[in-house]
1. Condition (residue is within 12 Å of chain B (Cβ to nearest Cβ), within 28 Å of A:Phe249 (Cβ to Cβ) and β-branched (Val, Ile, Thr)) applied to segment A:200-223: is it met by at least one residue?
2. Out of the residues in segment B:172-183 meeting the condition of being open to solvent by less than 60 Å² (accessible area, probe 1.4 Å) and modelled with pLDDT of 90 or more, tell me which one is farthest from the other protein chains (Cβ to nearest Cβ).
3. Would you mind telling me which numbered condition in (1) open to solvent by 50 Å² or more (accessible area, probe 1.4 Å); (2) part of a loop (DSSP other than H, G, I, E, B) A:Pro362 fails?
4. Give the number of residues within segment A:163-201 that are in contact (Cβ under 8 Å) with a residue 24 or more places away in the chain and either assigned to a strand (DSSP E or B) or open to solvent by 50 Å² or more (accessible area, probe 1.4 Å) (or both).
5. Can you name the residue in segment B:88-118 that is more than 27 Å from B:Leu135 (Cβ to Cβ) and among the basic types (Lys, Arg) and is also most open to solvent (accessible area, probe 1.4 Å) among such residues?
6. State all residues of segment A:10-32 that are out of contact with any Phe, Trp or Tyr (no Cβ under 6 Å at 6 or more places or on another chain), of a type in the set (Ser, Thr, Tyr) and open to solvent by less than 50 Å² (accessible area, probe 1.4 Å); if no residue qualifies, say none.
7. Name the pairs whose Cβ atoms lie under 6 Å apart, with the first residue in segment B:31-50 and open to solvent by 30 Å² or more (accessible area, probe 1.4 Å), the second modelled with pLDDT of 90 or more and part of a helix (DSSP H, G or I), and 6 or more positions between them or separate chains?
8. What's the number of the only condition in (1) open to solvent by 60 Å² or more (accessible area, probe 1.4 Å); (2) at pLDDT 90 or above; (3) touching a Ser or Thr at 6+ places or on another chain (Cβ under 8 Å) that A:Trp340 fails to meet?
Amino acid sequence: MTAPTAQLLSQVVGFVRSLRREGIVVTPGQTATFAQALGEISIFDPVAFYHAALCSLVTRREDQARFAEVFRQFWQNLGLERFPGELLQQTPLPPRKEQKARPGEVGREPRSAGESGAPPLPVVDRALTFSETEVLRQKRFDQMSEKELEAARKLLYEFVWNPPERRTRRMKPGGKEELDLRRSFRRSLKHQGEFLKLEERARKPKPRPIVALADVSGSMERYARMLLHFLHAFSLQQSRQGVRQVETFTFGTRLTRITRTLKKRSVDAALAEVGQQVKDWSGGTRIGACLHTFNHTWAKRVLGRGAIVLVISDGWDQGEPELLAFEMERLQKSCHRLIWLNPLVGTPGYQPLTRGLVAAMPFMDDFLPIHNLSSLEMLVEALGRLERRSGIVH
Amino acid sequence: MNMFPASVEETQKALEAHHYIADKGLSVAVFLALRLGRPLLLEGEPGVGKTEIVKVLAQMLSTRLIRLQCYEGLDLNSAVYEWDYARQMMQIRLLEASGERDQEKVRHEVFGTEFLLKRPLLQALESANGKAPVLLIDELDRADEEFEAFLLEFLSDWQITVPEIGTFRAEKPPVVVITSNRTREIHDALKRRCMYYWIDYPSFAKELRIVQEKVPGVPEKLAQQAVAFVQELRKQDLYKAPGVAETLDWASSLLALGQTELSSDVVEETLGVLLKYQDDVVKAKNQARDLLAKAQMPTAL
């Protein structure tokens with residue numbers, strides 16, 4: 001086993017760069033590991049070479065297919081025939097193709113290009129008076145002008161949050177739940193081993209994860225946008241406390257996870273991206289099928305630890321109501337609380353009679369309006385109340 | 001160091017010698033983890049052999065296996081060390097009875113190594129017969145972020161400090177394998193320290209070999225049909241597809257029932273071995289005939 005030559009090393013660095021260009025994050029430490037690995041294997045064995053690169057540079061299964069593509073192109077461009085294409089066929093493609101942007105779409109382009117589609121909105125600078133705020137709070141989102149929407153968005157960031165918590169199984173000192181022998185004993189040593197006071201400990205609370213599934217088809221788009229802003233404000237506040245527990249998905253004809261996009265971009269840019277991926281924007285909603293995808297591929301990964309699920313939709317479902325009912329039941333069983341938000345609830349005289357809603361209704365824990373700011377405030381309150389009502393640990 | 005295999009091929013052969021059929025990719029990851037002294041992070045669906053390979057690794061290196069099963073709230077008391085309070089209290093009373101009044105001395109007596117209960121991570125720092133152990137940190141996704149942060153430190157320093165005694169340092173770092181079922185994303189900082197491998201469901205040929213290795217005495221035809229059936233089943237839209245562990249259980253069950261080939265009655269009666277959700281069982285029953293027909297086709301072999 002020999003140390004890799006300087007020539008090979010420079011190729012390795014070049015290769016890592018092209019991985020980064022494709023959005024695969026590789027740290028210098030990982031590059032060093034890969035270089036070290038090359039000293040251990042035979043670099044003339046293409047399969048070993050490929051897998052050495054894979055296991056030292058890639059940490060997510062989702063990146064494997066893209067990695068394979070970059071790998072093939074990079075070494076082929078160098079004219080190296082010993083990295084044949086067939087070895088790449090052994091790499092299984094991840095089942096969720098829709099999670100990735102297709103080549104040439106916004107997902108992979110530099111930041112500036114992605115946001116050019118959404119012109120900057122005029123910013124309202126002056127503070128709102130009390131009565132203006134009051135009017136704004138009651139006005140339906142679909143009747144707001146762009147200016148008012150912008151002002152409403154600003155108000156979201158002033159909400160006082162009281163995020164729902166759950167008691168974890170981790171213990172913290174203090175409280176009255178369990179004897180803390182370690183601390184009691186340590187204390188006792190100060191008094192010649194006499195236990196003057198028994199220390200206790202209690203379970204430490206943590207914010208519950210929140211998973212939002214937002215319907216972005218036609219009529220719902222405006223409300224969904226507001227909910228996403230709402231969640232964005234919420235996760236901002238949470239990450240100030242060092243917690244990041246919000247997962248966001250959009251659905252229409254199919255389900256898209258936008259959590260990662262939202263971390264990097266604004267809500268509007270993320271939605272523009274979703275819009276580009278989903279060609280049939282107003283093609284109707286298949287809630288049941290989308291929930292099926294969610295239950296199948298995501299539920300196990302994001303619904304652990306007593307998550308609260310927010311579904312925002314008016315319930316106009318093009319699919320089979322039986323499927324929707326089935327998937328709703330499964331969803332409700334696998335989360336702590338399933339809250340359905342419907343903008344039409346705020347309309348006077350509205351009755352939830354669409355087939356989809358009738359099918360989904362039995363499996364909702366809460367059915368709340370989301371048509372104006374004050375309904376969002378109600379949601380915040382409802383979330384804050386969750387814990388006090390039930391002492392059940394999920 | 002010399003006990004580690006010298007090449008990727010050797011690793012693959014050594015694993016096979018211990019009845020573990022590994023892909024080339026997995027062999028490379030294992031080999032590099034051993035050579036470079038990095039932890040190996042294995043992810044994959046439940047039942048694809050993540051935990052199994054660690055047991056095999058311990059046998060292969062003829063060293064002991066230390067297992068830490070993760071769960072939420074896993075704390076230092078159960079992962080690293082704990083004091084034996086009952087015995088410590090007794091010791092204090094004994095010292096008292098003997099008229100010992102020197103506080104410093106009492107403290108020194110009571111916090112000795114003989115009162116220290118070593119938990120898996122501390123045990124993993126100890127070599128036996130000059131061989132470092134294999135440390136399995138199983139289902140890390142079940143533990144919480146607090147534990148992960150601690151682990152990050154442990155995996156880079158290979159040392160643990162017990163304030164009353166001092167610092168324990170590993171003579172030889174243990175071979176560490178971490179598994180995750182992805183019910184939560186493992187933190188990137190930890191992942192980047194590891195050699196990462198995603199274990200996929202095996203191909204037909206590989207799974208057949210696994211069944212033949214692990215279920216001795218299974219008739220050739222039965223093994224082929226059972227594996228073909230499971231492979232078809234995995235293509236269906238199921239909530240939880242059967243893993244290799246389920247295939248092995250099923251093959252053993254069929255063998256115990258004295259079958260020599262698949263028949264639709266027996267398949268229906270034993271589907272519960274393969275599928276663990278009632279909805280999946282119902283779905284599979286409706287399609288059992290088709291799947292069976294495919295599994296019985298000689299071309300599938």
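The values are calculated or read from the model by the stated rules, or taken from the named source; none is laboratory data. Since the structure is predicted, the reported quantities are computational estimates derived from the model, not experimental observations. Positions of Cβ are backbone-derived with ideal geometry, glycine not excepted, and every protein chain shown enters the neighbour counts. What goes into the accessible areas is simple: the full protein's heavy atoms, side chains included, and nothing from ligands, DNA or RNA. Shrake-Rupley method; radii C 1.70, N 1.55, O 1.52, S 1.80 Å.
1. Among the residues of segment A:200-223, not one is within 12 Å of chain B (Cβ to nearest Cβ), within 28 Å of A:Phe249 (Cβ to Cβ) and β-branched (Val, Ile, Thr), which makes the answer no.
2. B:Pro174
3. (2)
4. 16
5. Top of the filtered list is B:Arg101.
6. A:Thr27, A:Thr31
7. Short answer, once both residue conditions are applied: none.
8. Status for A:Trp340: all satisfied but (1).
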